[in-house]
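The values are calculated or read from the model by the stated rules, or taken from the named source; none is laboratory data. In this text, all values refer to a predicted model and were calculated from it rather than measured experimentally. Here the Cβ is made from the backbone with ideal geometry for all residues, glycine too, and neighbour counts use every protein chain on show. These accessible areas exclude ligands, DNA and RNA; they are computed on the full protein's heavy atoms, side chains included. Shrake-Rupley method; radii C 1.70, N 1.55, O 1.52, S 1.80 Å.
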Amino acid sequence: MNSTLEQIGKNAREAEAVLRVLSVNEKNKLLATAADYLMADMNLLLEANATDMETARENNMPIALQDRLQLTESRIAQMAEGLRQIAGLEDPVGEVLYMKQRPNGLMIGQKRVPLGVIGIIYESRPNVTADAFGLCFKAGNVVILRGGKDAIHSNNAIAKTMQEALRKCGLPIHSIQLITDTSHETAEEFMRMNEYVDVLIPRGGAGLIRTVVEKATVPVIETGTGNCHIFVDETADLDMAINIIFNAKTQRIGVCNACESLVVHEKVKDALLPKLAERLKEKNVELRGDEKSREACATIQAATEEDWGKEYLDYILSIKTVSSIEEAIAHINKYNTGHSEAIITKDYANAQKFLNEIDAAAVYVNASTRFTDGFEFGFGAEIGISTQKLHARGPMGLKELTTTKYIIYGNGQVRE
């Protein structure tokens, strides 16, 4: 391990000992201070981000990824609001989940404790720097961040702002550390820092997540990509469907909860698809569909097998027609990534069937998939959206950043 990474690890362990026993008032004071500092440093953060954005444009970064990278006054304000919301949330640390007495008189219980040191590897999304720190800190965890090179100036500026807030409150500035070496070699060393890192969370595209899962020796919580579907049932309110699809596809294209795939019952394809295509023309969305969908709307291009499983992160939408809800569910479960799926329907039985049988972290009835987000779920922010099934699934808030330990009270018992 190189000396810089080892020092980061040692710093993290020292800070962890302090954070583990902080009171909720101390945590909340720091989060409020950090929010104020973000707003005070607005111009510094925008200047740093402008440097990253200039490089992104010079390198012809795709528009969707530029959108992820860009900071604006409103996005910085939302980051600050996220920290304030986290401060207002109940602290999960120390919560006793249960306490039971055994026949021998032992009282055995379980309570929530911090995970410890959390490592996060992420791509060009500078808001993650503040969101991750706020959630990890409130749950009593130290965080080590390794962002992508595209956002290095933005991430560094935000991390320094968080450290200044920690200094102001007399808390360890190494509660948040950013690895500024963005080489692949350093990232892979980070993935093997078992002595210093308790859990690793990747946030980014399929390639990044696959690399971390395959190469890390530190335990990983996998946050997945989003090939999210909306199924328009034969009983759907078509005006509602069009509004929801338009929002889920176009409100922000470069996010994992955007709709990438549309599944349409063949009985409503003729009434729905021409109107939908006309609405999506406002954003120049390219439609790729099967033969039946193209019969209903001439502007739909031919889809290939690859389209059904594609996370576009672009103004492209695939369309598959089906003859039943059973066929819709089978198609979605075959091609989805376990993230967010929705049905538009007036049929209660079909809604329940969809909720019960779709295998995903978040399943919606008559609502946009864009709501799969820690801020929207009332968590203040999120550390990521877990698409795995162990420990955490869906938007990961404070409770998902804790583990448990058993606490046992006795009065002299010995085992015979």
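All of (1) open to solvent by 30 Å² or more (accessible area, probe 1.4 Å); (2) in contact with a Leu (Cβ under 7 Å, 6 or more places away or on another chain); (3) over 24 Å from ARG252 (Cβ atoms) hold for LEU401 with one exception: (1). All conditions but one from (1) open to solvent by less than 30 Å² (accessible area, probe 1.4 Å); (2) touching a residue at least 40 places away in the same chain (Cβ under 8 Å); (3) not small (Gly, Ala, Ser) apply to ILE209; the one that does not is (2). When each of GLU54, GLU16 is tested for being out of contact with any helix residue (DSSP H, G or I) (no Cβ under 8 Å at 6 or more places or on another chain) and closer than 22 Å to SER74 by Cα, the lone residue that passes is GLU54.
Exactly one residue out of ILE86, ILE108 is more than 30 Å from TYR312 (Cβ to Cβ) and within 21 Å of the chain's Cα centre (by Cα): that is ILE86.
Residues that are open to solvent by 60 Å² or more (accessible area, probe 1.4 Å) and over 19 Å from the mean Cα position of the chain (by Cα) are absent from the stretch 358-379 altogether.
For the stretch 270-298, give me each residue that is part of a loop (DSSP other than H, G, I, E, B) and either of a type in the set (Val, Ile, Thr) or under 29 Å from the mean Cα position of the chain (by Cα) (or both).
Selection gives ASN284, VAL285.
Of the residues making up the stretch 86-105, those that are open to solvent by 40 Å² or more (accessible area, probe 1.4 Å), closer than 14 Å to ILE408 by Cα and touching a Gly at 6+ places or on another chain (Cβ under 9 Å) are VAL96, LEU97, TYR98, MET99, LYS100, ASN104. Tell me yes or no: at least one residue of the stretch 369-386 is farther than 30 Å from ALA130 by Cα and modelled with pLDDT of 95 or more. Within the stretch 369-386 (the criterion being farther than 30 Å from ALA130 by Cα and modelled with pLDDT of 95 or more), the answer is no, since none of the residues qualifies.
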